[in-house]
Amino acid sequence: DGGLNARLAGMLPDIVQQMASRVERGEVARYIPPLARIDPRKFGIAVVLRDNSVLVAGDADEEFSIQSISKVFSLTLALGKKGDGLWSRVGREPSGDAFNSIVLLEHEKGVPRNPFINAGAIVIADVLLATHQPKEAIGEILRFVQSLADDDRISVDRHVAQAEMATGFANAALANLLKANGNLDNLPTHVLGVYHHQCALSMSCRQLARAGFFLTSGGRHPVTCRQVVAPERTRRISALMMTCGHYDGSGDFAFRVGVPAKSGVGGGILAIVPGIASIAVWSPGLNQQGNSLLGTEALEILCRQMNWSVF
Ligand code: GLN
């Protein structure tokens, strides 16, 4: 509605300004070479409301690497293919461990704790690969995200994907351990190809907030109004975002912000205010847990001022 729009239109530029003055901005992800070169002063925010209106501020139309935020879209696709059968291959508990941890995987016989840590997302990529060629599986994920955002300009940054293929030895270790435990159907190299390409999806805050709209609207597409996902499924995906979306920082994020959200090491966060708004924020500097430092702070300010919380 108009009142909500007007309040946000005043608030977003103000948040951008507050964030611009911060000296402590966290560290950009250095382990993926192209991400190490991103300017840490970038900051963008976009909010899509239920009526599909979009409010943006800062660098909201600049594309960035969505990285682990892609795990929301791949999980949604995999649930569409496998339904609840998926849960025999991946758990639904927060790990309390780093996103790339291999420790629990060894203890738990190759069944990752949840679909948002790297090990879990690699299993999901295996599900999406199924009998496809890796290129087709990547194409399917890309087209799904394009259709959710109603924007076919969205693309995969091959340079980022190739850099991670060349340097992602920890992910290769995870994939090999999963394979050794019988939890990958395909070859680890093929599965890693799918996984690293989905992580290399390049999107702006505006595109990302639009792509997340279906989680706000009980599964409805923003433009066609078609039911993309059943409402019950959007609630479950949101529950996983709340409990596992920020890895070992998930508890703190829930405490401070109070809405389901998924982060990525590119510095993006997709946050869902059920029934009200889909928010994307981008600030490349990360905190200790690999989540956007100022992105979290901006969401904390916005949600407090708007009185947005699921609690
Ligand atoms: N592609 C990254 C990795 O596998 C994704 C990690 C993240 O965004 N947390 O390490």
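For this structure, a couple of remarks:
- 10 Å binning of all Cα-Cα separations within the chain, expressed as whole percents from 0 upward: 7, 30, 38, 20, 4, 0
- Gyration tensor over the Cα atoms of the range 127-188: the corresponding equivalent ellipsoid has semi-axes (square roots of 5 times the eigenvalues, largest first) of 25, 16, 9 Å.
- Packing order of peptides 110-118, 51-59, 31-39, highest average first: 110-118, 51-59, 31-39 (average count of other Cβ atoms within 10 Å over each peptide's residues).
- Kyte-Doolittle at least -0.5, axis length at least 15 Å by Cα - qualifying DSSP helices, the chain: 2-20, 70-82, 118-129, 134-149, 169-180, 188-199, 231-244, 293-306
- Per-residue [θ]222 nm for the chain (sum of -39500 (n - 2.57) over DSSP H runs n ≥ 4, rounded to 500): -14500 deg cm²/dmol
- With a simple spin-label model that places each label point 7 Å from the Cα along the Cα-to-Cβ direction, the separation between Val223 and Arg30 comes to 4.2 nm.
- Rounded FRET efficiency, nearest 0.05, which uses the C-beta distance separating Ala6 from Ala173 and R0 of 51 Å: 0.50
- Compared with the rule-of-thumb size 2.2 N^0.38 Å for a compact globular protein, the range 68-199 has a Cα radius of gyration ratio of 0.98.
- Value of relative contact order over the chain, rounded to a whole percent, pairs C-alpha under 8 Å and six or more apart: 25
- Separation between Cα centres of the range 1-51 and the range 215-269, rounded to whole Å: 18
- Separation of alpha-carbon centers, the range 59-85 and the range 154-200, rounded to whole Å: 15
- FRET efficiency for Arg256 and Asn52, using Cβ-Cβ distance with R0 set to 41 Å, rounded to 0.05: 0.90
- Annotation: extensible slack from Ser155 through Ile301 equals 49.5 nm (criterion: 0.36 nm per residue apart, minus Cα-Cα distance).
- Farthest toward positive dipole pole in the range 68-199 [+1 Lys/Arg, -1 Asp/Glu at C-beta], among Cys199, Ile102, Leu184: Leu184
- Take 150-156, 270-276 and order them by the average number of nearby Cβ atoms within 10 Å per residue, most first; the result is 270-276, 150-156.
- For the pair Ala20 and Asn181 in one chain, pulling the backbone fully straight at 0.36 nm per residue adds 53.2 nm over the alpha carbon distance.
- Lysine pairs within the chain, Cα separation less than 16 Å, 8 or more sequence positions apart or different chains: 4
- Charged-residue dipole, Cβ positions (Lys, Arg, Asp, Glu), the chain about Cα centre, Debye nearest 20: 400
Where a number appears in this text, it was derived from the coordinates with a stated rule and is not lab data. For clarity, every value in this text was computed on a predicted model and none was experimentally measured. Cβ atoms come from the backbone with ideal geometry, glycine included; neighbour counts cover every protein chain shown.
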